[in-house]
1. In region 35-51, which residues are in contact with a helix residue (DSSP H, G or I) (Cβ under 9 Å, 6 or more places away or on another chain) and either surrounded by fewer than 16 Cβ atoms within 10 Å (Cβ to Cβ) or under 19 Å from Leu132 (Cα atoms) (or both)?
2. Within the set of pairs 6+ apart or on separate chains, which have a first residue in region 123-138 that is under 13 Å from Gly80 (Cβ atoms), a second that is surrounded by fewer than 20 Cβ atoms within 10 Å (Cβ to Cβ) and among the hydrophobic types (A, V, I, L, M, F, W, C), and C-beta atoms under 7 Å apart?
3. Given Ala20, Ala33, Ala10, Ala5, which one is in a loop (DSSP other than H, G, I, E, B) and under 17 Å from Gly77 (Cα atoms)?
4. Restricting to region 42-95, count the residues that are among the basic types (Lys, Arg) and assigned to a loop (DSSP other than H, G, I, E, B).
5. Pick out the one residue from Leu165, Leu180, Leu198, Leu176 that is more than 14 Å from the chain's Cα centre (by Cα) and within 16 Å of ligand 1 (Cβ to nearest atom).
6. Just one of the numbered conditions (1) without any contact (Cβ under 8 Å) to a residue 40 or more places away in the chain; (2) touching an Asp or Glu at 6+ places or on another chain (Cβ under 6 Å) is not true of Asp82; which one?
7. Sort through Asp129, Asp133 and tell me the only one that's in contact with a strand residue (DSSP E or B) (Cβ under 7 Å, 6 or more places away or on another chain), in a loop (DSSP other than H, G, I, E, B), modelled with pLDDT of 95 or more and of a type in the set (Asp, Glu).
8. Looking only at region 158-203, which residues are among the polar types (S, T, N, Q), part of a strand (DSSP E or B) and touching a residue at least 24 places away in the same chain (Cβ under 8 Å)?
Amino acid sequence: MIRVAVAGAAGRMGATVCDAVDGAEDMELTGRADPALGTTLAEVLPDADVVVDFTRPDTALPNALECVAAGVHVVIGTSGFDIEPLRTATGANVFFGPNFAIGAVLMTKFAAEAAKYMDKAEIVELHHDRKLDKPSGTAAHTAQLMAQATGGEAPPIHSIRLPGLVAHQEVIFGALGQTLTIRHDSIDRLSFMPGVLLAVRRVAGLEQSPVVGLEHLL
Ligand SMILES: NC(=O)C1=CN([C@@H]2O[C@H](COP(=O)(O)OP(=O)(O)OC[C@H]3O[C@@H](n4cnc5c(N)ncnc54)[C@H](OP(=O)(O)O)[C@@H]3O)[C@@H](O)[C@H]2O)C=CC1
Ligand SMILES: O=C(O)C1=N[C@H](C(=O)O)C[C@H](O)C1
């Protein structure tokens, strides 16, 4: 059994992850850390093999450093923070998934491939209006992989925040007389759960740390 604690357990994603971990036969939910529950990360760390972090852009890095220092592997879903300090953190493994939905991972992969052949592209990411960061982690990761694929500049990113949205992204390409649009929609946070559980199962066995992107686990 993998002992899993969730940071941000009372949040939109954290609560969904708690249910998913609870329902996984090979995992035990050992802790829920969240200010709303009156529980800190330090309190749940001793009983955890893996922490899953879906918190805030300003807490993800200190939380991850605290996990690694305690020898506890960490799966990060939180976006909008700088991962660089985690490159020198030793003691446990870090996995960061900019997006845990398989469709979004494929959208990013297809966009990087299309970028090699189309003249120009722009990214439009659309999220619910409670999202704290912009651009989204998914859009930043997509732009980086597209730039790597072409050796050119990263495409511009446009961010839209509206009630009614969950998590959506379009990559729009233009070339002479034509456009190509690659779009992904998460219409339910359940879309992220298979990817999160996969990362929980794999994080202890990573050969390097940190690893960024679910595409490396597929
Ligand atoms: N990678 C992916 O596939 C996905 C990533 N995300 C990302 O996940 C993050 C969370 O999103 P979402 O669930 O919508 O946000 P929510 O605001 O609903 O949840 C975040 C929760 O974390 C709590 N929290 C704040 N600080 C701490 C801390 N130090 N320790 C433990 N818990 C803390 C918050 O409490 P309080 O409100 O009191 O601050 C809140 O309850 C965002 O960065 C979002 O972009 C979201 C969906 C998918
Ligand atoms: O805040 C969200 O909701 C999401 N955040 C992640 C991001 O910033 O890309 C992943 C997904 O888009 C949902």
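The values are calculated or read from the model by the stated rules, or taken from the named source; none is laboratory data. Remember, predicted model here, so these are calculated numbers, not experimental data. Positions of Cβ are generated from backbone atoms using ideal geometry, with glycine treated the same way; all protein chains shown enter the neighbour counts.
1. Within region 35-51, Ala42 is the sole residue that qualifies.
2. Matching pairs, first to second residue: Glu125/Ile157; His127/Leu165; Pro135/Ile157.
3. On inspection, the qualifying residue turns out to be Ala10.
4. Within region 42-95, residues that are among the basic types (Lys, Arg) and assigned to a loop (DSSP other than H, G, I, E, B) number 1.
5. Just a single option satisfies the conditions, and that option is Leu165.
6. (2)
7. Asp129
8. Result: Ser159, Gln169, Ser186.
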